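Below is the structure I would like to discuss, written out as structure tokens.
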Amino acid sequence: MGTLSVSAVLVTYNRLELLSKSIQKVLSQDVDRLKHLIIIDGASTDGTREYLDNLSDSRLIIVHLSENIGGAGGFNLGIRTFFEQTNDDFVWLMDDDSMPTANALTNLLDMFDNNKLAGWGASKVVWTDGNWAKMNIPGLLNGNKRRIYQGDEKWLPIKHATFVSTIFKRDLIKKIGLPQKEYFIWGDDIEYTERAARAMSGYLVRQSIVIHASQFNSEPGDIVGEVVVSRLPRYLFEYRNRLLTSRRRHSNLKLIKTLGHSVLDLLKTLFLPGVQYRGQKIKLIVKGTINGFKFDPDIEKL
């Protein structure tokens, strides 16, 4: 691993209890390579600002925002801060409910040491019960998805992953630019890691374990089963963003598949019994999909 250095980025909004635990986990890694922890606070109102301002670790770079710009905006700014305010070789991205085990970073860096052409990697993400976190299962580059669940390879080539312990080389960031802050929430990580995979190889690092301490171990984007009404507006971004991500794959077949997924969600919402907030969900699916055809923000380069 030599003397390569790492900046971690944590994006937070009104989850102080989880954030405080995540900070401790990140700063307590068993390898002396973490030189900076960049925390992007999206204008939290739960005491997060005061808590962060009282921390004294010299590795901390804390950015308080005047408004919540979403997870996508937070990661965009976090990577920009890494690039402009540090000279570190890698940036390691996480949400505020990500709890890396003590050797998570060690194993990520070991992957780069053994795969010289790799540009990025992702940890194995489990939920609080030890099972795979359903919303954080990476996309396999080739072969049957069962290789992820049943295989024993230390490093498995992947085509996308989520921002729950994903690490990128500085040179790759310079090449592909920043995540799309316009996504606001949901899907920015898939678009960004697919962009990364088109430029450099990425790997699932099976021995790098991170716990995703989310409230539920939910399937990604499960609008049909959603029961928390305050979360519904997020799905407008889900359907809009996924369509742009699909369009950037430059494959008509993949675009049709994405549209088919949205149509299937619509049919389930329309006809399955017991669907809560049915009318709101139908409007969100239709509006988000329509918006996705005209949504095309520029990619910011560094």
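Please treat every number below as a calculation from the coordinates, not as lab data. Everything numeric in this text was worked out from a predicted model, so none of it was measured. Neighbour counts run over all protein chains shown; Cβ positions are idealised from the backbone, glycine included.
What's the extension gain from S20 to K174 if we count 0.36 nm per residue and subtract their Cα-Cα distance? Don't skip to the end; give the middle numbers.
On the way: separation 154, 0.36 × 154 = 55.44 nm, distance 3.07 nm.
Here the answer is 52.4 nm.
Net charge around S66, counting only other residues with Cβ within less than 13 Å of its Cβ (Lys, Arg = +1; Asp, Glu = -1)?
Working: positive: R49; negative: D41, E67.
After counting each charged neighbour, the total is -1.
In nm, to one decimal, how far is the modelled label at D113 from the one at Q215, with both set 7 Å along Cα→Cβ?
About 4.1 nm, to one decimal.
If you take the beta carbon distance between R278 and L27 as r and set R0 to 30 Å, what does 1/(1 + (r/R0)^6) give as a FRET efficiency, to the nearest 0.05? Don't skip to the answer; put the middle values down first.
Values: r = 45 Å, r/R0 = 1.51.
Approximately 0.10, to the nearest 0.05.
How large is the translational diffusion coefficient of the range 229-294 in µm² per second when you combine the Kirkwood radius over alpha carbon pairs with Stokes-Einstein at 37 °C and 0.692 mPa s? Show your work: numbers first, answer last.
Numbers: Rh = 12.2 Å.
Rounded, D is 270 µm²/s.
To continue, here is another question. Based on C-alpha coordinates, I'd like the Rg and Dmax of the range 77-125, in Å.
Here Rg and the maximum Cα pair distance are 12.0, 31 Å.
Once you list every other residue whose beta carbon is under 14 Å from the beta carbon of F112, what net charge do they have if Lys and Arg are +1 and Asp and Glu are -1? Please list the in-between numbers first.
Details: positive: R33, K116, K154, K169, R170; negative: D88, D89, D110, D113, D171.
Value of the local net charge: 0.
Follow-up question, since we're still on this one. How high is the relative contact order of the chain, in percent, with contacts defined as C-alpha pairs under 8 Å that are six or more residues apart? List each step's numbers first, then the result.
Details: 586 pairs, mean separation 58.1, N = 302.
Relative contact order of the chain: 19 percent.
Here is a follow-up. 222 nm [θ] for the chain, helices only, -39500 (n - 2.57) per DSSP H run of 4+, per residue, to 500? Intermediate results must be reported in sequence, preceding the final value.
Details: 10 runs with 120 residues, N = 302.
It lands at -12500 deg cm²/dmol.
Something else: Roughly what angle does helix 278-294 make with the longest principal axis of the chain, taking Cα atoms, 0 to 90 degrees, to the nearest 10?
The helix 278-294 is inclined about 70 degrees to the chain.
Next question. What spacing in nm lies between the two simple spin-label points modelled at Q150 and E67, each 7 Å away from Cα in the Cβ direction?
If labels sit at Q150 and E67, their model points lie 5.1 nm apart.
Now, a different point. For each pair in K134/K294; K124/K169; K116/K159; K124/K159; K181/K294; K21/K281, compute the distance between the two Cα atoms and list the pairs where it is over 25 Å.
On the way: K134/K294 30 Å; K124/K169 19 Å; K116/K159 18 Å; K124/K159 14 Å; K181/K294 16 Å; K21/K281 34 Å.
Cα-Cα > 25 Å for K134/K294; K21/K281; rest within.
Count charges around V210 for me, please; just the other residues with Cβ under 9 Å from its Cβ, Lys/Arg as +1, Asp/Glu as -1. Mind dumping the intermediate values first?
On the way: positive: K25, K124; negative: none.
Every neighbour counted, the sum reads +2.
Hey, how many Å between the Cα centroid of the range 28-59 and the Cα centroid of the range 198-245?
Cα centres, the range 28-59 to the range 198-245: 24 Å.
Going by C-beta contacts inside 10 Å, put T48, T166 in order with the fewest on the left. Walk me through the intermediate numbers first.
Numbers: T48 23, T166 27.
Least to most surrounded, the residues fall as T48, T166.
Counting other beta carbons within 10 Å of each Cβ, put F163, F75 in order, fewest first.
Details: F163 24, F75 29.
With the sparsest Cβ surroundings first, the list reads F163, F75.
Ordered by residue, what ³J(HN,Hα) values in Hz, to whole numbers, does the range 84-101 give under the Karplus form 6.51 cos²θ - 1.76 cosθ + 1.60, where θ = phi - 60° and Gly and Pro are x?
Calculated HN-Hα couplings, in order: 8, 10, 9, 10, 5, 8, 9, 10, 10, 9, 8, 7, 6, 10, 8, 10, x, 5 Hz.
Computed from the mean reciprocal separation of all distinct C-alpha pairs, what Kirkwood hydrodynamic radius does the range 6-212 have, in Å?
On the way: mean 1/r = 0.0595 Å⁻¹.
Final number for the Kirkwood radius of the range 6-212 is 16.8 Å.
Further, regarding this structure: Any idea what angle helix 234-247 forms with the longest principal axis of the chain, computed on alpha-carbon atoms, 0 to 90 degrees, nearest 10?
On a 0 to 90 degree scale, this one is about 80.
Using only the alpha-carbon atoms, how far is helix 188-199 inclined from the longest principal axis of the chain? Give it as 0 to 90 degrees, nearest 10.
It is inclined by approximately 70 degrees.
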